[in-house]
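Below: one structure, written as structure tokens.
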Amino acid sequence: MHIDTLSGEEPPSGYQVGWLKKFHSAGRGFWAEVPEADWNNWRWQLQHRITTLNQLQRFMPSLTPEEHAGTQLANHKLALAITPYFFNLIDPADENCPIRRQVIPRIEETHTASWEMSDPCGEDSHSPVPGLVHRYPDRVLFLVTDRCAAYCRYCTRSRLVSNAAGYDFHPRFDAQIAYIRDHSEVRDVLLSGGDPLLFSDEKLEHLLSELRAIPHVEFLRIGTRIPIFLPQRITPGLCAMLKKYHPLFISIHANHPRELTTEVRDALGRLADAGIPLGNQSVLLKHVNDDAEVMKVHMQKLLMCRVKPYYIYQCDLIAGSAHLRSSVRKGLEIMEKLRGHTTGYAVPTYVIDAPGGGGKVPLSPEYVLCRNAGRVLIRNYEGKVFEYPEAGDGTPLVEAPRKIEEPELVKF
Ligand code: SF4
């Protein structure tokens, strides 16, 4: 049985729910001799990332042929990079380790279908200036970099992220900020990339202060996976800087309860203590988190980290991601097993980003069975049916509803 190299604890076979629910340290693994100050230094972590096949083989001789072949090709598609901290979460004895599947390339990434795309959310066609996406009426996506601490094999922006595919992303902050300044309808700016928290505190503060100086920008957001890949980056200095720019929200990206370590919990606590509301976005991934019990534990554990589960995304139709995509049926089944079965705060919205640029479309199991003049028939999480009286035009009834002869129930 694999020993958890980080914490020295021995996880039970199959990582039962009880073990997943607890917080474990990622430990030191192969880096046990590294001084504590280096290990906890985010720049040291970045400098010592695993980025080549040779390094990966050295730390993980158990690479499968699919992983070996995929890693050889990775630097022509989406680069390989894994921080030592995050690498320690991989179970080298488990080919289907949910952490491993997210960051180690596989040859299946070269298998593409005609309906897959390089830009599944149609961002490039909604980009008035390089690095700025204006798809919704009152908010913009402000891409600040093409670099991340580690690279997710299903990344929806893999066309530009890591620059392995030759996109040559060159945002022009002055043009992006000028566009926002000139569009008074933009009240919400989401900084993303790549990962904005890879910037130094000074560089990030410069951007935040420029945006905060625009009177119609009410609300700033940062999308980041750094608290998960590199919790060492969430320093007291960073938190003190961020709290000057409220209202500022942060959306993190965690997919599996094993990603929520003691290190991550502490880093998220520092952000929460700086008054930053935290939300999480998970991507539904095959053999990673497409399991109702695992997802429920994950959502509950996020709340314990003071993070509100915000979205579960159906995996975008990014080219070469079929081996990681789970089905919409599975997503709906998971939502059915969350709603009512656990705290409402633990239930995110399940969405598909409509292929080609249609924006987020929420998906939900059907709870309205029938609507007709006089009533709405609904069912609860246990399948029990209830009637809510309401006039045909939606106004509350002042008299008892007339008898309805044929309230045809929709089967679910
Ligand atoms: S952290 Fe986000 S932007 Fe970076 S590779 Fe992962 S999904 Fe893509």
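Since every read-out is calculated from the coordinates, none of them should be taken as a lab result. The model shown is predicted, which means the values in this text are computed figures rather than measured ones. A quick note on method: Cβ atoms are made from the backbone with ideal geometry, for glycine too, and the neighbour counts reach across all protein chains shown.
Here are a few things to note about the model shown:
- Extents of the range 245-374, largest first, come to 49, 46, 31 Å (Cα atoms, principal axes, whole angstrom).
- Length gained on full extension, Arg172 to Ser209, computed as 0.36 nm times the residue gap minus the Cα-Cα distance: 11.7 nm.
- Highest average packing first - 245-258, 272-285, 198-211, Cβ atoms within 10 Å: 245-258, 272-285, 198-211
- Separation of the Ala32 and Ser364 label points, Cα + 7 Å toward Cβ, nm: 5.2
- Each stretch of four or more DSSP H residues adds -39500 (n - 2.57); spread over every residue of the chain, this sum gives -7000 deg cm²/dmol at 222 nm.
- Förster-model FRET efficiency, 41 Å R0, Glu95 and Phe23, C-beta, rounded to 0.05: 0.95
- Taking a ≥ b ≥ c as the square roots of the eigenvalues of the alpha-carbon gyration tensor, the range 212-286 is classed oblate because a/c is 1.5 or more while a/b is no larger than b/c.
- Calculated P(r) tail over 35 Å for the chain, as whole % of Cα pairs: 32
- Among the GluC sites (Glu not before Pro) in the range 265-367, those located in a DSSP loop and surrounded by at most 12 other Cβ atoms within 10 Å of their own Cβ are Glu366.
- Interchain or long-range residues, amide H under 5 Å from Ile222's placed H: Leu191, Phe249, Ile250, Ser251
- The phi torsions of the range 242-254, fed into the Karplus equation with coefficients 6.51, -1.76 and 1.60 and a -60° offset, translate into couplings of 4, 5, 6, 10, 5, x, 10, 10, 10, 9, 9, 9, 10 Hz, rounded to whole numbers, with Gly and Pro shown as x.
- Net charge of Cβ neighbours under 11 Å - reference Leu338; Lys, Arg +1; Asp, Glu -1: 0
- Charge dipole of the range 138-207 (Cα centre as origin; +1 on each Lys and Arg Cβ, -1 on each Asp and Glu Cβ, all else neutral): 320 debye, rounded to the nearest 20.
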